[in-house]
Amino acid sequence: MRFNPVVSVVYALSAATFLASCGQIRSKSKDNESSAEPFASNVETKSETSKAEEVKAAASSEKAAEILTPKANQTDAAKAVVGDVTLKKSAIMGRTFLYGFDLQYSAVGDVSFSLLDQSQALGHIPVSFRIVGRRLQLLADNTRKFESVVNHPETLVNEYEIIAESDDELTITMSKPGMLLHKTFNGSDAAAPASSWLRSIEIVDGGRYLLQESALMNAKGEVQTFLESLMPRDALVPADYKPMEANRDTNDLATRYMLLDSEKVFVQRTTTNGVPVREETSFASRFNLTSETSTIDWYVTANAPDELMGELKSGVVGWNRYFKPQLGRDVMRFMGRLPAGVKLGDPRYNIINFDSVAEAGAAYESQASDPLTGIQSHSIVYMPYAWYNIAAKLSTARENPSVRSEESRATQKTLDASGLFGKDHRVLSCVRYAEEALEAMTPGEAVDDFGRRIFISTLFHEVGHALGLGHNFKGSLAYDGAAPVSFPQNATTYSVMDYNYYQHETDLVPVIGEAGGPVLEYDRQIISQLYNNGNDVAASDLVVPACNDADADSKDGGVDPNCIRYDAEKNPVVGLEHAWGRLANETGAMGIETKTLTERVNGQRERLLALLNDEGKTPDAASATALVTKFNAGLKQLVAYYITSGAQSVRTNLNLNAVALRAWRVEQDQLSGAITEADRRARYLTVLKNALSLKALPEAPQKSIEDLSTLVQAIVLQNDRFGSQDDRQTLADKLKSSILAAAKSSTDASLAKLRTTLADKLGFDKDLSFASGVVEGRTVESQAVGLLTQLVVQDLTAESLGAAASSPARAGAAKALATYKDLGDDYAAEIAAVKAQLNVISKAARDQGKQDVRDHIRALLETLH
Ligand SMILES: [Zn+2]
């Protein structure tokens, strides 16, 4: 037998010694030290057979084997141990513990998107010990999940052989992972793991925490590693703690502020005829600041580079702009790199798991709390380098980003937290995709600074979740896009917990590494509610509009057209008009982008012409051609950015605001801005019709591009360094037409994308009618049918399919149009007319031998039948 070097033998360290170095909030309070009696005193572990060979043998592909190579900061996944642990009987029997587990790392997930499942806190559940013969059982108390006071069967979490017993102590052998790990994490339908083992056993904090690292391997040889923890519940939850309910029925604060809750639980408030009434509720997740010196400390995994420490620090301590004025001290502390030996998932540590993946990815946060009080032990934030890198490197790859469809985002695995951890337990309250930041970046932007800024604002947002803040998608209603940004009069948002436009968050922390920055009203108030009893919210303070994910997704009684992710401006339809204006108008950009497309093209023109006139830079025809080719690539990006690819493009704005066409559930007086529902809908439809009717760029940007191409032509013709007169004429014409062709191809592709996106929004939805009033609803409906009719035949002639990119738009429109057949005869005439028109084009195509056109039309007709 040999001792595993990683697992230290911890003999009841003096509590004071350990706590002083721990730096977690509970540990700060001297009053709290004695409240949790230690229960474990000795661990002795031995290595079992190494799983390395077994793992490699089972790996079905080279990729799996490659993934199994340990990452930085990752304990060797393939190591197997068993351990003997001595427990104090008086400290374990009849006492409630919290069992929890965290996913550390895994080879499972979406490899292509660099989103392997990792670093997720899955929560705590109440458990207790029971001795059954020579076995010690750890049993989950499920009472909170059931309304019944008698029917709540307990679940076996783990079972240990008792190898020695005295009057005071039990010694057990720990040899296997908890029984709930696999099904909780992989779902109840997942095949049983091919193998599972323990990787380490450790007693920490003077015997108050028992930590075991475990591993599961599936049939493909993919490994998931976990940290399981056990602590006395009284180590986290003081007896006199007053929880805050995150339930709109019982707590008005939960309507005004979007609180993150732990899980739905049943609690007893009253009795009727002596029978307990157990009602379902949930509690706000938050840290418990136990004393007037308590802090919330954060660490980053050891692999984080020095170069990003300032950004990491600002994302954490930035929240002190609220704590300091309210509590008189800095509560948030960034402690730098995680001390050696501390494991990811240790419930005493809040950890930013920095991942070096550079290609793409998402950031997210997860947290573990006591389900009956919401008191949080710890939070883990997953923060990939991609957030910096996306701007610094991928900005050049805009033309071909691996953007996932909305659909695949929705099906992104958010963990089937079935079983004991509760279906409603949202493990990941937030997943922010790095590519959305890319969409916010104007082509040509200064990438390094932008990368650093979005890294900070993303971390700031995720740390907000850790503090108990849910999303507030009405934060963006703060901003009047027709006026200049100023704090606090015309702040771009009320909250970092909205999905704000990234360019709006670049000033969140003016000096990287420091905490200062704009005070956002909603965030100020909610921090006070969660951490200072609301003492800093006066009765006269603004009631900031607020809504969360459930509100944004709800169709119940209609939609809330102001509760939109990624929108901007106090009246979103005005924001949409601003987006249209930035595309179509020559000058006068309003809203988020500071320039119109025409102004951006003109800006590029000055640069291009200067270079073309510079004999040193463009000495000959080849260099001039290279210059214009490069310019054309940028021009394409710019056109696409304003029409379709930018986060504030016309397409994105139309897409986001399409809900406004549907029946609204909000009362008129709850809406910001003095625009009625009918007016707002009409204004939306105006922009929609304009956009769907576009066949080319609007006049202003088109003219700007044509002028530019003419100037290029003239410069080439005038300069004999570009060759003979004939050569110059040829080159000038070629360059001119290449500029016009670049603009046209990008416009065609962008408009096709726009039509495809919007066709999908115009279908008949039996669960969500158009508009609220019957008459108005029918009016909008017939307009939608008219637009779809137009889209089905748009650019479709016998001679040609039109731009190849437009086929999906027609197919999508036909699909949406077909949904109106559910209405019986109401739109039968319109649909019949489209079919007749398609048949005419098809016949003409037959006469001309255009089989591809006929095939395409046949598919459209099949959709409409
Ligand atoms: Zn979020």
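The values are calculated or read from the model by the stated rules, or taken from the named source; none is laboratory data. Being a predicted model, the structure only gives us computed values, none of them experimental. Ideal geometry is used to build each Cβ from the backbone, glycine not excepted, and the neighbour counts take in all protein chains shown. The area values use the complete protein model at the heavy-atom level, side chains included, leaving out ligands, DNA and RNA. Shrake-Rupley method; radii C 1.70, N 1.55, O 1.52, S 1.80 Å.
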Express the C-alpha Rg of the range 569-681 as a ratio against the empirical globular expectation 2.2 N^0.38 Å, rounded to two decimals. 1.49
Span per principal axis, largest first, for the Cα atoms of the range 500-656 (Å): 72, 43, 25
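Would you calculate the volume per residue, in Å³, of the smallest convex hull containing every Cα atom of the range 466-553? The partial results should precede the final answer.
On the way: hull volume 11.0 nm³, N = 88.
Here the figure is 125 Å³ per residue.
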Can you give me the Rg/Rh ratio for the range 611-741, using Cα atoms for both radii and the Kirkwood formula for Rh? 1.24
Please report the accessible area of His578 (heavy atoms, 1.4 Å probe, ligands and nucleic acids excluded) in Å², nearest 10. 20
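How much length would be gained if the chain were fully extended between Asp727 and Thr272, taking 0.36 nm per residue of separation minus their Cα-Cα distance, in nm to one decimal? List each step's numbers first, then the result.
Details: separation 455, 0.36 × 455 = 163.80 nm, distance 9.73 nm.
Gain in length upon complete extension: 154.1 nm.
Calculated FRET efficiency, Ser188 and His865, Cβ-Cβ r, R0 51 Å, to nearest 0.05? Walk me through the numbers on the way to the answer.
Values: r = 41 Å, r/R0 = 0.80.
The formula returns an efficiency of 0.80 here.
Residue separation times 0.36 nm, minus the C-alpha to C-alpha distance between Lys324 and Asn690: what's the value? Provide the component values of the computation, followed by the final result.
Numbers: separation 366, 0.36 × 366 = 131.76 nm, distance 5.03 nm.
Extra length available between Lys324 and Asn690 comes to 126.7 nm.
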Can you figure out the FRET efficiency of Arg134 with Glu279, using R₀ = 35 Å and their beta-carbon distance, to the nearest 0.05? 0.25
Which whole-angstrom value gives the distance between the alpha carbon centres of the range 184-251 and the range 113-150? 8
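Considering only protein heavy atoms, with the full assembly of protein chains and a 1.4 angstrom probe, order Phe146, Phe266, Phe460 by accessible area, largest first. Working shown, then result.
Values: Phe146 65, Phe266 40, Phe460 0 Å².
Of Phe146, Phe266, Phe460, the descending order of accessible area is Phe146, Phe266, Phe460.
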Once the other residues with Cβ under 12 Å from the Cβ of Pro339 are scored (Lys, Arg +1; Asp, Glu -1), what is the net sum? +1
Once the range 296-376 is represented by equal point scatterers at the alpha-carbon sites, with solvent omitted, what log10 I(q)/I(0) does the Debye formula produce at q = 0.17, 0.20 Å⁻¹? -0.82, -1.06
May I ask you to give the percent of accessible area on the range 533-589 that is carbon plus sulfur, with a probe radius of 1.4 Å? 45
Out of the range 566-647, which GluC sites (Glu not before Pro) are coil in DSSP terms and have no more than 11 other C-beta atoms within 10 Å? Glu615
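Rounded to the nearest 0.05, what FRET efficiency do Ser782 and Ala483 have when you use their Cβ-Cβ distance and R0 = 30 Å? Numbers along the way, then the final one.
Numbers: r = 37 Å, r/R0 = 1.24.
Between Ser782 and Ala483 the formula returns 0.20.
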Would you please put 249-259, 825-835 in order of how densely packed they are, using the mean number of other Cβ atoms within 10 angstrom per residue and starting with the highest? 249-259, 825-835
Excluding ligands, DNA and RNA, the carbon-plus-sulfur percentage of the accessible area of the range 205-327 with a 1.4 Å probe reads 48
Can you give me the Cα centroid spacing of the range 369-389 and the range 675-694 in angstrom? 41
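Would you mind checking the pairs Lys744/Lys815; Lys595/Lys703; Lys595/Lys734 and listing those with alpha carbons more than 22 angstrom apart?
Numbers: Lys744/Lys815 27 Å; Lys595/Lys703 17 Å; Lys595/Lys734 30 Å.
From the list (Lys744/Lys815; Lys595/Lys703; Lys595/Lys734), the Cα-Cα distance tops 22 Å for Lys744/Lys815; Lys595/Lys734.
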What do you reckon, how do Lys736, Lys183 stack up by accessible area (1.4 Å probe), largest on top? Lys183, Lys736
